[in-house]
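Asker: Have a look at this one.
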Amino acid sequence: MKKILVVDDELDILYVVRVVLEKQGYILSGLSEAKQILPTIDDFKPDMVLLDLRMPELDYVTICNKIKNLPQPPILVLFSATNDLGKYLEVCEADGILAKPFDINEMCLKIESLFRNFKMYKVPETLK
């Protein structure tokens, strides 16, 4: 089963995304505070991170760089209600974007597509 970390300070969005994606068979972890992103990634080891860019105390460039420089980085999807979300895609080296407000079906299709098309090379535990 694929694991997804959802980071958003809007608890309603966290709840809806959790319910929908768990029904799709994903294992979810949700965060509403930016300072917990890296420790949670270290503990939860998600295959994908859905990251809201408009959160208090979030230096999105630093966080994105740290995520993308992990030995086995998860797929990084940015989502936000900003008009120019595309520019953040390049700055953050993200793998995808999802503009708010988003359609639930669109979100599910985007996630499925990224998992299907993204090549994840994980080193077997025995080789670590």
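Asker: Across the range 18-49, which residue is farthest from the chain's Cα centre (by Cα) among those that are buried (at least 21 other Cβ atoms within 10 Å of the Cβ) and in a helix (DSSP H, G or I)?
Answerer: Ranking the qualifying residues of the range 18-49, first place goes to L21.
Asker: So, one more: For M55, only one of the following conditions fails: (1) at pLDDT below 85; (2) surrounded by fewer than 18 Cβ atoms within 10 Å (Cβ to Cβ). What is its number?
Answerer: (2)
Asker: Of all residues in the range 58-87, which are assigned to a helix (DSSP H, G or I) and surrounded by fewer than 19 Cβ atoms within 10 Å (Cβ to Cβ)?
Answerer: Of all residues in the range 58-87, those assigned to a helix (DSSP H, G or I) come to 60-68, 85-87.
Across the range 58-87, the qualifying residues are V61, T62, N65, K66, K68, L85, G86, K87.
The values are calculated or read from the model by the stated rules, or taken from the named source; none is laboratory data. Note that the structure is predicted; figures quoted are calculated from it, not measured. We place every Cβ from the backbone using ideal geometry, glycine too, and count neighbours over all the protein chains shown.
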